[in-house]
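The values are calculated or read from the model by the stated rules, or taken from the named source; none is laboratory data. Fair warning: this is a prediction, and the values are worked out from it, not measured in the lab. When we count neighbours, we look across all protein chains shown, and the Cβ atoms used for this are built from the backbone with ideal geometry, even at glycine. Accessible surface is based on the protein model in full, side chains and every heavy atom, while ligands, DNA and RNA are left aside. Shrake-Rupley method; radii C 1.70, N 1.55, O 1.52, S 1.80 Å.
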Amino acid sequence: MKEAPSSAREVARSSSNVSGGSGVSGGGGGDVGSAPKIFSTRPFRLFLKLGLLATAAFHFTWVGKQLSALGSHGSYEDLFIAPEYTNEHSRDLSISSKSPFDPRGRTLPAHPSPNAELQELVSSHTKYDCPEGLVYVDDHILPDNVTHPIGRKIPRLFHITAKSRCMTEAFAWNVEKWKKRLGSKYSIYIHDDEAVNKFIYQKRWMEFPDLKEVMACVTAGAAKADIWRYIMVWEYGGVYSDMDSSPNKFDVDSIADADDAFFPLEMLGIPAQYWFAASPRHPVMYLSARHALMMMAFRDDISNNNAAKTTGPGAYKTGFILFQQFAGVDTNGYVDEGLYTGAHGRTVRVVGSKANANQWIIREGVKGKGGNYKQMGMTHFHSSRGRFKELHQNQVVGCLDQRYKMHVDFAADWVNIV
C-alpha cells in the first residue's frame, strides 16, 4: 500500500492530539458520536451487504409469488390475504373476502359434483340389514349433467328424510311412486339419521354459526328435521318432501328452468312446509332456518317444544314474510297463486290454492301412517317431551343452560339429546 505524504501524517497526528486533549472523550477512550471500530471493519461491512441482499431477495420472491398467483386466479383480495393456501383443487375462488377478519371465511362453498357429494353423505352404496317387516329403500341417482343442466336454477335433486332406510311396505311404496314419476330426470336421496347428523355436525357453518350449539336444545326429531330441510335446500337446492307426501299433478317438467323457488299452497293458504323446492342460497331457506334457530336458542324449557310453532310451518311462514318485507312488501304470509319477488330480487312461484291443497302434492299420501311410524321407531314430537323429562328427573332445562353445559361437560352427548 502506498504511504501517505509526510505532511498528511502530521496533520492527522495534530488533529488526534487536539481531540485527545479536549477533555470530552468518552470513558472508552473514543470520541463522542464516533462509531465503535467493529462497524468500520471489512467483515462487518460484508455481513451487512449480504443481509441487505438476502432481505431484498426474500421480498422480490414474495412479490413474484403474488404476481404468479394473480395470473392464474381471479380473486385478487383473497390471494393477497393468504396466497399460500390458494389452489384450484382446494376451494372455489368465485367469491372473495376483502378482510382476513370476515366471518364468512374466504368463499362460499362450491359443489363440483353434487351427486357424488350427496352419495357420500347419505352412504348410497353402503347397505344394512333391516328388521323383519321392514324394507330397505335405495337411492335413485342420475349424473350431474341431467340433474344440473346449464341454465336451470333449481337442480333436479329430491330429498327425503327418515329415521332409517328401513321402511314399512307402505312408505317404501310411496318412495317408489316418486321414483316412477321423477326418475327420468331427478336424483332421489334418502337421508337417514346418520346422514342428517353428518350434514349438520361435520360441516363448518359460517352462515349459521350457532347451529351446532342450538341443536343441543332440539329435543324432538321433528324439529331437527325442520331445521335440516332448510339448510339442506339452502346448501344444495332441489326439492324437499316429507316421507308421507305423494305426487299428484307434479311431474318432471312442473318446475321451469327459470323458477327460483316453487311452493305449493297448503290448506291454510300459506306456502307448504311439508314439500317445497328452491335453488341453492335462496333467501327463504336462510330466513326460515335463522328464525327456527332463534326460536330454539333462548327457550326456558327445551322439553316443551311444539315443532309446528317453533321450527316448522311457523318458522317457514315467517321466513316467507321476511323474504317479502326485505323488498318493501308488507304481507301476513297468506298468499294466492302467483310469482312473488322478495329479498335481493329473488323470486318464489306459488302454485295451487288452499281450497285444493292436494292439487300438486298429496300431503298425506300414506294411510294409517301412525302405526307405520311406530313400526319404524319414529315418535311424535309430543311424546319426546315425556322422555326428556324422565331422563332429566323432571328438571326444567333452559336452552342457555344446556348450551353452556355442552361446552363444559364432556360426557354430554351433542347429537343424541333424547
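Rundown of residues vs (1) touching a Cys at 6+ places or on another chain (Cβ under 6 Å); (2) free of Cβ contacts under 8 Å to residues at least 40 places away in the same chain; (3) of a type in the set (Gly, Ala, Ser), yes/no style:
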{"site": "ILE188", "(1), (2), (3)": "no, no, no"}
{"site": "GLU194", "(1), (2), (3)": "no, no, no"}
{"site": "ILE200", "(1), (2), (3)": "no, yes, no"}
{"site": "MET215", "(1), (2), (3)": "no, no, no"}
{"site": "GLY221", "(1), (2), (3)": "no, no, yes"}
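Does SER384 satisfy the criteria of being open to solvent by less than 50 Å² (accessible area, probe 1.4 Å) and at pLDDT 95 or above? No: the conditions fail for SER384.
In the range 325-334, the count of residues that are in a helix (DSSP H, G or I) and closer than 25 Å to SER279 by Cβ is one or more. Tell me, please, whether a residue that is in contact with a Ser or Thr (Cβ under 8 Å, 6 or more places away or on another chain) and open to solvent by 50 Å² or more (accessible area, probe 1.4 Å) can be found in the range 167-176. No - not one qualifying residue is present in the range 167-176. Of all residues in the range 279-320, those that are among the hydrophobic types (A, V, I, L, M, F, W, C), open to solvent by 30 Å² or more (accessible area, probe 1.4 Å) and out of contact with any Phe, Trp or Tyr (no Cβ under 9 Å at 6 or more places or on another chain) total 3. Within the range 211-248, which residues are open to solvent by 10 Å² or more (accessible area, probe 1.4 Å) and closer than 17 Å to SER184 by Cβ? Selection gives PRO247 alone. For the range 313-324, check the following and say yes or no: at least one residue is of a type in the set (Val, Ile, Thr) and within 25 Å of ARG403 (Cβ to Cβ). So far as the range 313-324 goes, yes, one or more of its residues are of a type in the set (Val, Ile, Thr) and within 25 Å of ARG403 (Cβ to Cβ). For the range 350-368, which residues satisfy the criterion of being touching a residue at least 12 places away in the same chain (Cβ under 8 Å) and open to solvent by 50 Å² or more (accessible area, probe 1.4 Å)? Residues satisfying the conditions are LYS354, ASN358, GLN359, ILE362, ARG363, GLU364, LYS367, GLY368.
Say whether the condition of being assigned to a helix (DSSP H, G or I) and farther than 19 Å from PRO114 by Cα is met by at least one residue in the range 250-263. No, the range 250-263 has no match at all. Could you grab me the full set of residues in the range 131-152 that are in a loop (DSSP other than H, G, I, E, B), open to solvent by 40 Å² or more (accessible area, probe 1.4 Å), touching a residue at least 12 places away in the same chain (Cβ under 8 Å) and at negative phi? Correct list: PRO131, ASP138, ILE141, PRO143, HIS148.
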